[in-house]
Amino acid sequence: MSNISNSSSPVSPALEFRNVSVAFDDKPALIDISFQLHKGEMIFMTGESGSGKSVLLRLAMGLLKPDSGQIFVGDREIETLDESELLAIRGGLMGMVFQENSLFTGLSVYENAAYRLEEHDWTKQDIQKAVTEVLDFVGLVGEEEKLPEHLSGGMKRRLEIARALVGWPSIMLFDEPTMSLDPIVALQVLDLIIRARDINKISSVYVTKKIYELPYLSNYVALQEEDRIVINEAPSDKLPMTRILVLEAGRMVFNGSLGDFQTSDLAAVRRLLTLDQDNHSADPYFPNPWDKSREPLERLL
């Protein structure tokens, strides 16, 4: 079974770019970009630095406006919406994990996670329920009163994911979420993203230059088994719906499956595939990396 989405689906895409271009100071950043993110699909957006990946995410959020073309969230063209309507979309339909640290340093773990919901006038009771649920999802229950300065780097990243996921938006945008994280913490983040995709049915655009992450995200799935969630390699007929898009100098030069990407002769793709020369086959994997009952890390390596 292919893990390419069926573009003939009659259901409106979760997100769509139609011939989108944008430039800054007359220098093109994106040129005639068109793609659809289907419901339940995960798109991997990759390319070398400066290719336009982060610009694309900010356009999707309505934080930037295109010079030409159209962007749709569901069946709504976001360029036609006023600021209050855009805020409603960002607060309800979309969440984003930024590349840089974006936590509020003066707010506690709970307050950071609750912030987006408070902005959109959720009731105190509903906020408490949603925040408790998402902090449990990212393994931060019991840390609610801590300030970000008292969290490890991995905990800060998990809190940023919690803040983006709170209320369970239908679309998630990830801008290099594992940048600067050590392999174990990066794996925790990947597992959270897989769980959000498969258990909570979230559509997502995942920007990364870490090409070795793509097989893991493409071939592993999260499953609910009684009272626990497990992440296992998917059988070939039950692969998650994924696709890889490659940007080069603002243009989309590849749109296809992981297999097609790995065997492509395109120069832009071959450069990306040779950026990482390490063998990651022996990287450790834990079904629940933050489980306090598991053996100390040094005994598992």
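The values are calculated or read from the model by the stated rules, or taken from the named source; none is laboratory data. What you see is a predicted model, and the numbers here were worked out from it, not measured in a lab. We place every Cβ from the backbone using ideal geometry, glycine too, and count neighbours over all the protein chains shown.
Laid out as a table, the results:
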{"item": "Selection from segment 113-165 of residues that are closer than 20 Å to residue 87 by Cα, among the acidic types (Asp, Glu) and surrounded by 16 or more Cβ atoms within 10 Å (Cβ to Cβ)", "result": "160"}
{"item": "Positions within segment 63-86 being within 22 Å of residue 11 (Cβ to Cβ) and among the hydrophobic types (A, V, I, L, M, F, W, C), in sequence order", "result": "71, 72, 73, 78, 81"}
{"item": "Residue 89 vs. criteria farther than 27 Å from residue 195 by Cβ, modelled with pLDDT under 95 and surrounded by 18 or more Cβ atoms within 10 Å (Cβ to Cβ)", "result": "no"}
{"item": "Qualifying residues in segment 12-66 (those that are acidic (Asp, Glu) and over 20 Å from residue 175 (Cβ atoms)) - the one modelled with the highest pLDDT", "result": "32"}
{"item": "Cross-chain or 6+ apart pairs with Cβ under 8 Å, segment 207-221 first and under 12 Å from residue 244 (Cβ atoms) and in contact (Cβ under 8 Å) with a residue 12 or more places away in the chain, then of a type outside the set (A, V, I, L, M) and assigned to a helix (DSSP H, G or I)", "result": "207/53; 207/54; 214/261"}
{"item": "Residue list for segment 221-262, restricted to those being over 19 Å from residue 191 (Cβ atoms), polar (S, T, N, Q) and either in contact with a helix residue (DSSP H, G or I) (Cβ under 8 Å, 6 or more places away or on another chain) or not in a strand (DSSP E or B) (or both)", "result": "236, 257, 262"}
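To keep it simple, each residue is scored yes or no on (1) of a type in the set (Phe, Trp, Tyr); (2) surrounded by fewer than 22 Cβ atoms within 10 Å (Cβ to Cβ); (3) under 13 Å from the mean Cα position of the chain (by Cα).
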| site | (1), (2), (3) |
| --- | --- |
| 177 | no, no, yes |
| 194 | no, yes, yes |
| 207 | no, no, yes |
| 219 | no, yes, no |
| 223 | no, yes, no |
| 226 | no, yes, no |
